[in-house]
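To keep things clear, I will list the structure first and then write my remarks on it.
Every number in this text was worked out from the coordinates using simple rules, so none of it is lab data. Note that the structure is a prediction, hence the values are computed from the model and not measured. Note that we place each Cβ from the backbone using ideal geometry, even for glycine, and neighbour counts take in every protein chain shown.
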Amino acid sequence: MTSRIKAVIPAAGLGTRFLPATKAMPKEMLPVVDKPAIQYVVEEAVGAGIDDILVILGRNKNNISNHFDAVPELETNLTNKGDLHRLLRVKESSDLADIHYVRQGEPRGLGHAVLRARAHVGDSTFAVLLGDDLIDERDALLTTMIAANERTGLTVIALMEVDPDHIHMYGAAAVEATDDPDIVRVTGLVEKPPKEDAPSNYAVIGRYVLNANVFDILDRTQPGKGGEIQLTDALQELALTEGVLGVVFRGRRYDTGDRLDYIKAIVQLAADREDLGPDLRPWLKEFAANL
Ligand code: G1P
């Protein structure tokens, strides 16, 4: 089923945690096994029925738009060799969806990046997917969030319980239970609080289904944590006024935001793959036993 909503993927971060790999390449293009991280995110949106995607680009933009474009000479080469398997893999990324691009200009934070989507999105509800969080394709999240938005008309964010020692790395939510164990009412939000100030251990993970009125709020949101315009701050205003819902995710999420988590994500995903897992798993066991 095709969704009426569009997806926005901010991909304009500086990727400083991965330097020098990200000196000339956006971090969204770092391979996770054999696909760039951003392709997983585009596939997730497509899997939720979204066929119109806007990527907010930073510097080194060409890498991303080239990846989702056709490469005729490579396709001809693989066709001539009869390598249909690789040909299919190459064409997959260019046939995925209708992908549009806009540049962020100055990197002034996630809220500012989302505001850049305004002309493309217009007055409609839209989804935002952040590339640092990969959600396992076997676990539903975005479809649940879109359904909750369609049912209630409210903005919906994804939450996950994390170790309280890690809450300072996320937006943190104050929540109230609803009749549905997977859905909470968000009563407050704070961006990356110290552990002792966090309202709970419910962390905002990078999936949002936002009503278009968030643009008006973002437009007047002042720089917050880290001197950046924070999406979390705009959502705090919405939580206090019309209300925000949280879908509590209990599935498999892979963080590719820093080097250690990125390595873990690659190992977990590869170990689960049919083509790589059978050889990787016994090797991993042997390797771990000798550590
Ligand atoms: C962003 C958001 C934060 C959220 C996180 C999820 O932070 O600002 O609220 O918890 O994504 O990955 P970033 O990790 O981009 O600094």
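What's the longest piece of the chain with no exposed GluC sites (Glu not before Pro), counting a site as exposed if DSSP puts it in a loop and it has at most 15 other beta carbons within 10 Å?
Answer from the scan: 1-136.
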Selected from G257, G277, G153 as most flexible by GNM, with the chain as the system and alpha-carbon contacts under 10 Å: G277
Assigned charges on the beta-carbon of Lys, Arg, Asp, Glu; region 212-281 dipole about Cα centre (debye): 300
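What does DSSP give for the chain in terms of the percent of beta bridges that are antiparallel, rounded to the nearest 5?
Counting DSSP beta bridges with both partners in the chain, the antiparallel share is about 60 percent.
Mind checking the alpha-carbon convex hull of region 2-58 and giving the volume per residue in Å³?
Working: hull volume 4.3 nm³, N = 57.
Convex hull of Cα atoms, per residue: 76 Å³.
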Residue among D123, D180, D136 with the largest mean-square fluctuation in a Gaussian network model of the chain, springs linking Cα atoms under 10 Å: D180
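What is the dipole size for the chain, taken about its Cα centre, with +1 at each Lys and Arg Cβ and -1 at each Asp and Glu Cβ, in debye to the nearest 20?
Numbers: 32 positive and 45 negative charges, 153 e Å.
Dipole of the chain, to the nearest 20 debye: 740 debye.
Given the convex hull over the Cα atoms of region 226-291, what projected area results after averaging over all orientations, in nm²? Each step should come with its number before you reach the end.
On the way: hull surface 31.2 nm².
Average projection, Cα convex hull of region 226-291: 7.8 nm².
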Label point distance in nm, R138-L14, each placed 7 Å from Cα along Cα→Cβ: 3.9
Hits among aspartates and glutamates - C-alpha to C-alpha of K225 under 18 Å, sequence gap 8 or more where chains match: E106, E191, E196, D197, D233, E237
Set of lysines with alpha-carbon distance to K264 below 20 Å, sequence-local pairs under 8 removed: K27, K35, K285
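So what is the diffusion coefficient of the chain in µm² per second by Stokes-Einstein at 25 °C and 0.890 mPa s, using a Kirkwood Rh over Cα pairs? List each step's numbers first, then the result.
Values: Rh = 20.0 Å.
Roughly 123 µm²/s, to the nearest whole number.
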Residue among L231, L142, L87 with the largest mean-square fluctuation in a Gaussian network model of the chain, springs linking Cα atoms under 10 Å: L87
Kirkwood Rh in Å, taken over all unlike Cα pairs in region 91-212: 16.1
